[in-house]
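This report concerns only the one structure given below.
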Amino acid sequence: MFASLIRPFSHAAMHRVLLRQLYFSGVQSIGVSALAGAAMGAIVITLVQGNFGQSGARAMNVLMISCMQEVGPLMVALIFIARSASAIATELAAMKVAGELRTLARLGVSVVHYLIWPRVVAAALSCMLLFCYFMVAALLSGALATPQSGLIAEIDHSLSQLNLFSLMLGLGKSAVFGFVTSVSACYLGLSAGFASTEIPRLASRAVLVSIVAILLLDALIAVLMSRAA
């Protein structure tokens, strides 16, 4: 079963599609993700210290836990949705309207292997990458916004308090959110008819469906984790 899943990526054409999607969805979104992380780090530290009077170390702990477990994966997913969900749905819908999918089928090319899997895998990997950049930027910004001690001391303390469970949870949720978003966008794109007027409607719907899906999924994960604790 595992071999059948990775077989599509053994072809050079699939490699090109995967790398192109990784560059578009992941690499080109690093700046936005880092900026969002930096802004979130400064906001959380300012709110925690201003409203609760916590020390710099406590505020950094709150920042790290909240961003790793909840804020980071959600922000990264929203960035990915804003940039890539509508693009994926638009591209696939345009290909169907233009008859390119039928041409691929006549040539014996699997639409799932050539178009769907590379986008789904690239989405999961891209969200994990963006989550890492988001967290690095958030911790750096939070350390800079902490007036009690220096930048190096705050970062060193945060790394010493790093929770492996929180890190793995954040990475896992980011990958799942990317996967769900990409699957939703691909499904909506392939559900297009043969009228070009359906393309913008499906693109906007892909964004809305993806946002609702990740919010419900995040709430479900939170409920299941609270009951398991």
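Could you work out what % of the accessible surface of the chain is carbon and sulfur, using a 1.4 angstrom probe and leaving DNA, RNA and ligands out of the count? Intermediate values should be presented prior to the final figure.
Numbers: 8200 of 11530 Å².
The nonpolar share, carbon plus sulfur, comes to 71 percent.
In degrees, nearest 10, range 0 to 90: what is the angle between the Cα axis of helix 117-144 and the longest Cα principal axis of the chain?
20 degrees
Hey, in the GNM for the chain with a 10 angstrom Cα cutoff, which one of VAL183, VAL97, VAL76 fluctuates hardest?
Of VAL183, VAL97, VAL76, the Gaussian network model singles out VAL97 as fluctuating most.
GNM on the chain, C-alpha springs below 10 Å: top fluctuator among SER141, SER86, SER126?
Judging by the Gaussian network model, the answer is SER141.
Kindly provide the helix-only [θ] at 222 nm of the chain, computed as the sum of -39,500 (n - 2.57) over DSSP H runs of four or more divided by all residues, to the nearest 500 deg cm²/dmol? Write down the numbers at each step before the final one.
On the way: 11 runs with 177 residues, N = 229.
Helices in the chain give a 222 nm mean residue ellipticity of -25500 deg cm²/dmol.
Connecting C-alpha atoms closer than 10 Å in a GNM of the chain, tell me which of ALA105, ALA185, ALA77 has the biggest fluctuation.
Among ALA105, ALA185, ALA77, the largest GNM mean-square fluctuation belongs to ALA105.
Please compute the per residue accessible area over the chain with all protein chains in place, 1.4 Å probe, rounded to a whole number of Å². Intermediate results must be reported in sequence, preceding the final value.
Working: 11530 Å² over 229 residues.
For the chain, the solvent-accessible area averages 50 Å² per residue.
Against the longest alpha carbon principal axis of the chain, how many degrees, from 0 to 90 and to the nearest 10, is the axis of helix 198-228 turned?
Taking the Cα atoms of the chain, the angle to 198-228 is about 50 degrees.
Which three extents, in angstrom, do the Cα atoms of the chain have along their principal axes, listed largest first?
Extents along the principal axes: 66, 37, 36 Å.
The values are calculated or read from the model by the stated rules, or taken from the named source; none is laboratory data. Model, not experiment: these values are computed from the prediction. Keep in mind that these areas ignore ligands, DNA and RNA; they rest on the heavy atoms of the full protein, side chains included. Shrake-Rupley method; radii C 1.70, N 1.55, O 1.52, S 1.80 Å.
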